[in-house]
1. Using per-residue counts of other Cβ atoms within 10 Å, averaged over each peptide, order 353-362, 233-242 from highest down.
2. Tell me, what is the per residue accessible area of the stretch 9-279 in Å², probe radius 1.4 Å?
3. Hey, can you rank 106-116, 153-163 by average C-beta count inside 10 Å, highest first?
4. With a 10 Å radius around each residue's Cβ, average the other Cβ atoms per peptide and rank 197-206, 424-433, 223-232, highest first.
5. Report the local net charge at L41: Lys and Arg +1, Asp and Glu -1, summed over other residues whose C-beta lies under 10 Å from its C-beta.
6. Quick one: if you stick a label point 7 Å off each Cα along the C-beta vector at N396 and E70, how many nm between them?
7. Give the Rg/Rh ratio for the chain, taking Rg as the radius of gyration of the Cα atoms and Rh as the Kirkwood radius, to two decimals.
8. Once whole DSSP H runs in the chain are found, which of them have Cα atoms spread over 15 Å or more along the helix axis and a mean Kyte-Doolittle score of at least -1.0?
Amino acid sequence: MLHDPNRVYVFDTTLRDGEQVPGCQLATPEKIEIARALEALGVDVIEAGFPISSPGDFQSVVELSKAVSEPIICALTRANKGDIDSAVAALQYAKRPRIHTGIGASDMHIQYKFNSTREKILERAVEAVKYAKQFVEDIEFYAEDAGRADNIFLAQMVEAVIAAGATVVNIPDTNGYCLPDQYGSKILYLKENVKNIDQAIISVHCHNDLGVATANSLAGLINGARQVECTINGIGERAGNTALEEVTMILKTHHALNLHTNINTKHFSEISAMVSRMMRMPVQPNKAIIGQNAFAHSSGIHQDGFLKHRENYEIMNPEDVGVNSSDIILTARSGRHALKHHLERLGYEIDRINLDQVYDRFLILADEKKTISDDDILSLMSDGSEDPYKNGYKINALHVECGDLTAPSATVKLEYNGIEKEAKATGNGPVNATINAIQSIAGKDILLKEFTIQAIHGGSDDVSKVNMRVSYEGKSYLGYGFSTDIVKASADAYLDAMNKFL
């Protein structure tokens with residue numbers, strides 16, 4: 001039945017099982033937007049909803065069937081004619097429809113949920129598949145609570161529904177009970193003991209109650225399953241479902257498994273954020289693959305090893321999951337190598353900086369703050385408390401005069417290589433006068449190309465951040481300055497840019 005025995009089909013149930021999370025219900029337009037993103041991601045099957053459950057769910061299946069064309073659109077039912085009739089009606093516009101019907105397989109469910117017997121449950125299962133098969137060719141059967149079902153009876157049920165026309169048999173660990181070796185053994189038992197198993201695809205549907213949903217799904221795939229049912233960000237009933245991004249990246253990273261999907265993993269970051277936003281379900285920072293810390297390094301030892309060779313501490317490329325780059329997070333645990341990396345990224349020439357002096361000041365600041373931002377680094381380099389450059393200009397004194405009754409002027413004292421020089425200049429404002437005075441001392445033909453002022457927090461007493469871009473001999477240089485005095489911040493920014501090319 002399978003054209004490629006190593007191809008794993010991805011069945012996404014974000015819009016059905018994922019939407020069962022309290023507070024995560026979506027309007028039909030939101031479901032359509034996510035469905036189109038899932039189509040772009042490359043999922044093979046989208047479980048669009050449970051049509052009999054509500055008019056809204058019915059309409060969502062109708063509209064999703066119209067909105068996407070590549071994936072199979074699947075509708076969930078119980079093993080009864082009313083549910084199946086509703087699913088058939090909802091799927092009328094689907095280009096590739098699938099009905100997903102089923103019933104409990106464990107003795108727990110048979111006795112306490114259905115108050116029935118194995119024989120009667122088996123009859124209902126076969127009848128449901130045969131009935132659905134009259135309307136739709138592609139029928140998936142779920143054996144609910146298969147994780148706790150007796151393997152001999154489960155095999156009997158799977159064989160019977162395949163004979164009745166099921167094209168996919170779903171073996172759900174509905175309550176997240178199984179351990180990976182148990183679940184993998186269950187799939188292998190079906191492969192070896194169901195005589196018509198080659199006529200259907202075995203699907204794995206695992207819940208995360210014990211934190212092993214992804215591990216269980218992987219165990220099932222290794223033992224012969226070829227469809228995995230999952231959700232974006234691992235959302236779902238109770239503790240959630242198998243995370244689509246996790247199982248996909250495991251297969252992509254472990255080539256020895258010789259299993260692959262058609263998923264375009266570069267969309268993971270984008271669709272993860274979309275689902276998180278629309279369903280109002282924040283993604284935990286340490287979530288595998290798509291958490292904000294998944295490619296962040298803060299330990300000094302790790303940062304040093306990563307910067308020397310990425311694969312020392314990363315087994316995936318962040319670009320493969322839609323993240324632009326790894327983050328080297330500066331904290332009090334960071335080393336010189338990490339600080340050097342950020343300084344270079346911000347345009348500083350390391351061979352001209354007294355890195356030891358800057359690092360000592362960095363550690364004092366890092367002890368006061370949890371993380372160090374770019375603005376913190378720029379402030380550190382421009383605060384004037386010590387000269388971070390081995391050789392460069394620094395301001396020893398600055399005096400400006402301006403107002404309605406006097407032309408703006410500035411007197412500047414600059415020190416360079418231990419020698420102090422003073423100059424006075426006028427301008428169309430105090431900042432322009434200060435720059436003119438600095439230029440007269442430096443004696444360089446420097447062109448100011450860009451000048452912006454930003455309040456860090458807001459308020460008239462706030463620290464201002466000044467960005468300047470200057471051009472010298474055809475090249476651009478960026479400078480930054482910080483001060484509650486805008487003129488001082490501007491002078492620091494201009495000198496910061498100038499020191500980078502001297």
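1. My ranking of the peptides, most packed first, is 233-242, 353-362.
2. On a per-residue basis, 38 Å².
3. 153-163, 106-116
4. Ranked from most to least packed, the peptides come out as 223-232, 197-206, 424-433.
5. So the environment of L41 carries a net charge of -2.
6. Rounded to a tenth, the inter-label distance reads 6.8 nm.
7. Rg/Rh: 1.19.
8. 28-41, 55-67, 118-133, 151-164, 268-279, 355-368, 430-442, 486-501
The values are calculated or read from the model by the stated rules, or taken from the named source; none is laboratory data. Predicted, not measured: the structure shown is a model, and the values here were computed from it. Note: ideal-geometry Cβ built from the backbone for every residue, glycine included; neighbour counts use all protein chains shown. Each accessible area value is taken on the protein alone, full model and side chains, heavy atoms only, with ligands, DNA and RNA left out. Shrake-Rupley method; radii C 1.70, N 1.55, O 1.52, S 1.80 Å.
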